[in-house]
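The values are calculated or read from the model by the stated rules, or taken from the named source; none is laboratory data. Please read these numbers as outputs of a predicted model, since none were measured by experiment. Note that each Cβ is placed from the backbone with ideal geometry, even for glycine, and that neighbours are counted across all protein chains shown. Remember, those area values only see protein heavy atoms, side chains included, never the ligands or the DNA or RNA. Shrake-Rupley method; radii C 1.70, N 1.55, O 1.52, S 1.80 Å.
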Amino acid sequence: MPADAKSPPGFAEAPHYHGHRERLRERFRDAGPDALSDYELLEMVLFRALPRRDVKPLAKALIGRFGSFAEVVHAPDARLREISGLGEAAIIEIKLIAATANRVAKGQLKQRTMLSSWTAVIDYCRTSMAFADKEQFRILFLDKRNQLIADELQQVGTVDHTPVYPREVVKRALELSATAIILVHNHPISSFSITVNHR
């Protein structure tokens with residue numbers, strides 16, 4: 001179609017920056033954040049706040065004024081408002097990144113139960129399952145310090161039987177990045193005893 005020809009009604013071309021946005025998203029997804037420059041990451045932050053604008057010039061202007069992605073997201077609101085074209089919605093998106101970074105930096109792992117001895121393991125298991133009326137198969141997932149990552153009830157069987165699927169056990173351990181697992185099942189008809197296996 002000649003450059004001066006008009007598109008038929010209903011067939012207007014999408015703005016050029018739509019393809020650019022999708023390419024950035026694909027690069028972020030496929031190659032990770034290190035594949036994007038500071039201004040490109042900032043463009044992605046601005047996408048939601050400014051869905052109908054080419055935000056590349058704005059992102060470059062912000063980096064040019066403040067120096068880096070980190071300096072932009074931590075810049076005072078008043079200084080961000082000095083940037084032409086940067087409205088309140090975009091400023092909120094930028095400050096949301098700063099708030100998220102601060103929350104992550106200050107985040108503390110919740111206190112985990114320490115299972116550093118067999119006595120501690122038996123006491124823990126007795127409390128959670130010794131008096132169940134059906135046989136249970138539980139897995140305790142531990143980190144390298146023998147702290148409990150998760151206690152998961154895998155199966156509930158009959159009074160004397162419960163199925164175990166090793167593939168599922170290994171899959172779940174990998175998902176949780178566990179360095180040790182303790183396999184536990186009870187014996188409801190045998191004076192409520194517990195059998196513990198460590199792997």
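Ignoring ligands, DNA and RNA, what accessible area per residue does the range 14-91 give at 1.4 Å, in Å²?
56
In what sequence, highest mean first, do 51-59, 28-36 appear when ranked by Cβ atoms within 10 angstrom?
Answer by packing, highest mean first, reads 51-59, 28-36.
Calculate, in nm to one decimal, what Met114 and Arg52 gain on full extension: separation in residues at 0.36 nm each, minus their alpha carbon distance.
Extra length available between Met114 and Arg52 comes to 17.0 nm.
What FRET efficiency comes out for the pair Arg81/Lys60, r = Cβ-Cβ distance, R0 = 22 Å, nearest 0.05?
It comes to 0.75.
Name all residues of the range 48-83 having a backbone nitrogen under 12 Å from the label point set 7 Å from the Cα of Ile92 along its Cα→Cβ direction, giving them as ranges.
The answer is 49-50.
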